[in-house]
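Encoded as structure tokens, the structure appears first; notes follow it.
The values are calculated or read from the model by the stated rules, or taken from the named source; none is laboratory data. Here the structure is a predicted model, which means the values were calculated and not measured. Every residue, glycine among them, receives a Cβ derived from its backbone with ideal geometry; neighbour counts consider all protein chains shown.
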Amino acid sequence: MKILVVDDDMHIQRLYKEELEEEGYQVVIAGTGEEAIVLFEKECPDIVTLDILMPDIDGITLLRRMKEKRPEIPIIMSTAYDYRDDFSVWASEAYIVKSSELGELKGIIKKLSK
């Protein structure tokens, strides 16, 4: 199972990569929205974790673009801020608030990968 992690924070990238690889997943990292689109098409991930606040293309726009290209791919919105009242994040399969404790994220990934 391949997971594309899209986040501009290098600490989050490293944390997600280490923790998810320990779970047996293959992890691909994108630090910008443009890089995310390229990797999404090239790597064909099974699941995407997507930060909302990105320096070039915001996560909501990325979510729309990814869903237009491959609507069957589960996307988990991952953010430090609460966007649950923003209807545009509802197109994603799950929504989590970032934390250094990845139990919730791992649980969602397991559920979505079945």
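Suppose we keep only residues that are touching a Lys or Arg at 6+ places or on another chain (Cβ under 9 Å) and closer than 17 Å to Gln13 by Cβ within segment 38-56. Which one would you say is surrounded by the fewest Cβ atoms within 10 Å (Cβ to Cβ)?
Glu43
Any residue at all in segment 5-26 that is among the hydrophobic types (A, V, I, L, M, F, W, C), at pLDDT below 90 and assigned to a helix (DSSP H, G or I)?
Within segment 5-26, none of the residues are among the hydrophobic types (A, V, I, L, M, F, W, C), at pLDDT below 90 and assigned to a helix (DSSP H, G or I).
Would you mind telling me which numbered condition in (1) part of a loop (DSSP other than H, G, I, E, B); (2) surrounded by 18 or more Cβ atoms within 10 Å (Cβ to Cβ) Pro71 fails?
Unmet condition: (2).
Conditions: (1) crowded, with 22+ Cβ neighbours inside 10 Å; (2) under 16 Å from Asp9 (Cα atoms); (3) of a type in the set (A, V, I, L, M). Met66 meets all but one. Number of the miss?
(2)
Would you point out which residue out of Ile96, Ile60 is β-branched (Val, Ile, Thr), assigned to a strand (DSSP E or B) and at pLDDT below 90?
Just a single option satisfies the conditions, and that option is Ile96.
As an exercise: evaluate Val38 against (1) at pLDDT 95 or above; (2) assigned to a helix (DSSP H, G or I); (3) hydrophobic (A, V, I, L, M, F, W, C); (4) in contact with a strand residue (DSSP E or B) (Cβ under 6 Å, 6 or more places away or on another chain) and give the number of the one condition it does not meet.
(4)
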